[in-house]
Amino acid sequence: MGYVAVKGGIEAIENAEKLVHFYRLKGGSPLLQIQQIVDQLRFAVDKVMGEGALYCPEYAALAIKQTEGDLIEASFLLRSYRSTLSRKYYSLPIDTSKMRIIRRISAAFRDIPGGQILGPTRDYTTRLLEFDLMNEDTGSASKYIEELLNQIKIKNDFQDSAIPSFPKIVEYLKREGLLIGSKKSDSQIFDITKEALKFPCPRSGRLQILARGETGGLLALAYSSMRGFGDIHPTIGELRVGYVPLIIPHPGGKGTLYLGEIMVTEAEIIASVKKDDESVPKFTLGYGLCFGHNELKAICMAVLDRSMMSENPKNPAENQEFVLYHIDGIELSGFALHYKLPHYVTFQAELDRLRALQQEGGFKNGEQS
Amino acid sequence: MENKVNVYLNTSRYNFGFLNEEIKKEIRRKILKAVAIPGYQVPFASQELPIAKGWGTGGLQITFSLVGRDDIVKIIDQGCDESVNAVNLKRLIVKTTGVKVTTDTYQATIIQTRHRIPEIELNENQILVFQVPIPEPLRIIEPSEIETRRMHAEMDYGKMWVYLYEDIIKWGDITIGYRYPVLVNNRYIMDPSPIPRWDIPKLNMAKALFLFGAGREKRIYAVPPYTKVKPLEFEDYKFHVENFNGKKCSRCGSSNSFLVEYYNRETGEKTWVCSDTSYCTMRLKHKLSGDEYE
C-alpha cells in the first residue's frame, strides 16, 4: 500500500477531546464536587492559585477537576482565564503584621514575642501511610471534629476577643543595626503582566515572577544554591501563614476600600553578611510571599530573591536570567510539550544535512569507507 | 508523652529500630570504616525513613543501627531536649524500640544531637551522634563532589586556606560562625556539623566516640576517642570561640556555657539563656539546693 498523507486533523482532535472526558468519567465512581476539592485538596488548590496567579479557590478547584489533578495544566487553565479579566486596581501593599495567623515560626530564635505557633503542619508527622483513612466515613469525621473542638474548648466569646498582634522578628534585628533594610522605592512597580521581562529586572518584577513560578522549579534552583552552587546560608527569620486584608485605594480618590482577605504564606530569610552603604557588615534579607498555604514555595522564593542580589553572580541561582527564565511552570511546560507537534519539515532539513555530510566525508551507512 | 499522638502506627509490624537487620549491619560496617579513617566521609546507602531528609535521617540511621535494648537515648536539638524536632525523633525511637530515654546527659549511652555538643564532658561509654546537613567542608569553595573527593584524596587543601585568608582580608576576621572546618588526625579536613565554634574544642582528644550521619548526602564519618581535632587557623589569626563576656544565663546564672538570645514575649527585651537545657536545669537544681554543679 502506498503512502497516505495524514489528514483529518479536526476529527482526530474532536475524538481526543471526547476521550479525555471519557477517561475522567469511565470509573463510574461518585463525581468530585468542587467544594470537596476546595476543602480536602487544600494544597493542590493553593498551588494552582499561586502558579495560575489568580486568587480563586473555586476556579482553581474546577481546574483541578477538569485536568484530573494535573496541576501544571490546571494552573495553565487558571492563568489563561485570568487574561480574560480586566485588571483595574493595584492593591495597597499588604501589611503582613496584620495577618490573622494560623501558623508562625522562627528558626532564628528559640523564643519570640508572640510565641512559636506550629499550626496545621505535617513537619513532625512520621511519614507513614494512615491506613485508617481508607475507611474514613462522615460519622467518624464529625466525631473527630466534635471531640477536638471540645478538647480545645472553643469559647463563644471567641469572636469578641481581639486578634493578637505578632511583631515581625526581622524588625528587632533591624532595630539593632544587624540587618540591611530593603530600600523603599517610590517608583511604579514593574508589572510583569503588562511588560516584557528586561534585565536587570527590578525587584518588584523578580518577586512577581517568583511568586507565580512553579514550586518544583523554585525548589530545584533554590536547592542548588543551598547545597553548594551558591553561598547564601539561609536562616528562616520568620515564616507566617494566615489571612491578610486586601485594600485598594478608593476609586473615587478618597480613602481606601476593604475587599476582603486572602490566605498567604510569607517567608523572611536572614542570609549571608554584606556591607551596607556605610561599609558596616550586616545580615541581608530574602523575601518570599505567595498565595495560599505553600511553605516550600515561600522559602525557596526567599532564597532565590536573596541569591539574585549577589553582586558577582557565579552560580545559576544567582543569575537573574537563569532563574527568571526557568521557573514559570506554564511557560516551560508549554515549550517542553510542543515537541509533540509535527516537526516533519525541520527534521527533513536535518536529514538532508546529515546525508550530505556522510557523502561528502566519504562515509557510507554510518561507517567510514 | 508517647503513644498518644500518632494512633496509626502499629508497632508490632515494624522491626526493632525500624530498619531491617541487614541494613543496620551494613551501616555498622560503614561506621567501622569511618572510625578506622578519622574524618573521612564514607558513602553509605541512605534509607528512606518516615522523617523527611534533612531533618536528621543520617543521625537517626546511625542511632537505629547502634541502639540495643539496654541503651538509654537522649535527643537534643540546638541543645534542647524539648525542641519539637528532638521530641519528634524521640517519639519515633521509643515507638520502634521501646528503649529508655533521658534528658540527663550523664545517664545517656547514645546522644543524638543537632547543632550542639553537650556542655559537660562526655565519657568513654557514650556515643554522640551528629545530624549532619552538609558533610563536605570544602563545599563552600567547590560545588562539585567529584572535585572535592579528589581534593581530599590528594590532601589538596590550598583553596580552603586561600578562602580563609581572603575572608580575613575582606572582613578583618574569619566570618564562619558555625561548621568551622577542622583538621582531624592531621589528615582530613572535616565538617564538624553546624555546631558553634564554642563546641569545637570539645572534639579534640575527647573520651567519647563522635559519629556523624548525613542522610540526604549519604555520608557517614567519625572522630574516634582520643583523636586530634584542630580548627583551621593561621599563626597570626588564631581560632577563637564566641564571646559571651559579661553575659550570663537569666535562668541558672551560668557564665561559662553557650548562650542563646531571645526576645521576651511581654516586654520585647532581649535576654540570654543556656542553649543546653539539660545543663541549665541541673545547675538550677543544684543552685537551689546550695551546692556547685559543673
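General observations
- Percent of beta bridges antiparallel (DSSP, the protein assembly as shown, rounded to nearest 5): 75 percent
- Placing R0 at 60 angstrom, the Cβ-Cβ distance between residue A:132 and residue B:235 gives a FRET efficiency of 0.40 after rounding to 0.05.
- Positive-end residue of A:239, A:323, A:337, charge dipole of region A:231-342 with Cβ unit charges: A:337
- Area accessible to solvent at residue A:94, 1.4 Å probe radius, in Å²: 50 Å²
- Area buried, chain B against chain A - accessible surface, total, 1.4 angstrom probe, square angstrom: 3000 Å²
- Rounded to the nearest 20, the Cβ-based charge dipole of region A:5-107 about its Cα centre (Lys and Arg +1, Asp and Glu -1) stands at 420 debye.
- A crude spin-label estimate for the pair residue A:257 and residue A:123, with each label 7 Å from Cα along the Cβ direction, gives 3.9 nm.
- Efficiency of FRET between residue A:176 and residue B:204 - r from beta-carbon atoms, R0 41 angstrom, step 0.05: 0.75
- Its Cα gyration tensor gives chain A an equivalent ellipsoid, and the semi-axes of that ellipsoid, as √(5λ) in whole Å with the largest first, are 43, 32, 22.
- Between residue B:106 and residue B:124, residue separation times 0.36 nm minus the direct Cα-Cα distance comes to 5.3 nm.
- Entries of B:100/B:218; A:282/B:207; A:314/B:170; A:194/A:274; A:297/B:24 with Cα pairs more than 30 Å apart: A:282/B:207; A:194/A:274; A:297/B:24
- Residue-level accessible surface for residue A:68, protein heavy atoms, 1.4 Å, Å²: 100 Å²
- Take the Cα of residue A:89, step 7 Å toward its Cβ, do the same at residue A:22, and the gap between the two points is 4.9 nm.
- Residues of region A:18-33 with amide N under 17 Å of a point placed 7 Å along Cα→Cβ from residue A:66: A:18-25, A:32-33
- The contact residues of region A:165-185, meaning those that lose at least 40 Å² of 1.4 Å-probe accessible area when all protein chains sit together rather than their chain alone, are A:172, A:176.
- Neighbour cut-off at most 12 other Cβ (10 Å), DSSP loop, trypsin sites (Lys or Arg not before Pro), region A:201-285: A:254
- Among the protein heavy atoms of chain B, carbon and sulfur supply 51% of the accessible surface, probe 1.4 Å, non-protein parts ignored.
- Rolling a 1.4 Å probe across all protein chains gives residue B:18 an accessible area of roughly 40 Å².
- Square roots of 5 times each gyration tensor eigenvalue, C-alpha, region B:188-274, largest first, Å: 30, 18, 13
- The value given for chain B is a Kirkwood hydrodynamic radius of 20.2 Å, derived from the mean inverse Cα-Cα separation.
- Rounded to the nearest 20 debye, dipole of chain A from Cβ charges on Lys, Arg, Asp, Glu: 560 debye
- The protein assembly as shown, dipole about Cα centre (Lys/Arg Cβ +1, Asp/Glu Cβ -1), debye to the nearest 20: 400 debye
- Shielding of peptide A:108-114 by partners, expressed as the average count of other chain Cβ atoms within 10 Å per residue Cβ, is 6.
- With a 10 Å cut-off around each Cβ of B:41-51, the average count of Cβ atoms from other chains is 1.
- Tensor-based shape of region A:43-149 (alpha-carbon gyration tensor, a/c under 1.5 rounded, otherwise prolate or oblate): oblate
- Qualifying trypsin sites (Lys or Arg not before Pro) for region B:26-89 [loop in DSSP, other Cβ within 10 Å: at most 12]: B:69
- Ligands, DNA and RNA left out, the 1.4 Å accessible surface of chain A is 58% carbon and sulfur atoms.
- Full extension of the chain between residue A:280 and residue A:98 yields a length gain of 62.3 nm, computed as 0.36 nm times the residue separation minus the alpha carbon distance.
- Sites listed here are trypsin sites (Lys or Arg not before Pro) in region B:188-243 whose DSSP assignment is loop and whose Cβ has at most 14 other Cβ atoms within 10 Å: B:207, B:238.
- Here's the picture: charge each Lys and Arg Cβ at +1 and each Asp and Glu Cβ at -1 in region B:51-90, and of B:57, B:83, B:68 the one pushed furthest to the positive end of that dipole is B:57.
- Largest GNM mean-square fluctuation among A:346, A:235, A:126, using chain A with Cα springs under 10 Å: A:346.
- Using a probe of 1.4 angstrom and keeping all protein chains present, the accessible surface of chain B works out to 46 square angstrom per residue.
- Label zone (residue B:69, point 7 Å along Cα-to-C-beta; backbone nitrogen cut-off 20 Å) within region B:85-115: B:93-102, B:109-110.
- Averaged over A:128-140, number of beta-carbon atoms from partner chains that fall within 10 Å: 1
The values are calculated or read from the model by the stated rules, or taken from the named source; none is laboratory data. Computed from a prediction, not measured in an experiment: that's the story for all the values here. Glycine gets a Cβ as well: all are built from the backbone with ideal geometry, and neighbour counts include every protein chain shown. SASA here: full protein model, heavy atoms, side chains in, ligands and nucleic acids out. Shrake-Rupley method; radii C 1.70, N 1.55, O 1.52, S 1.80 Å.
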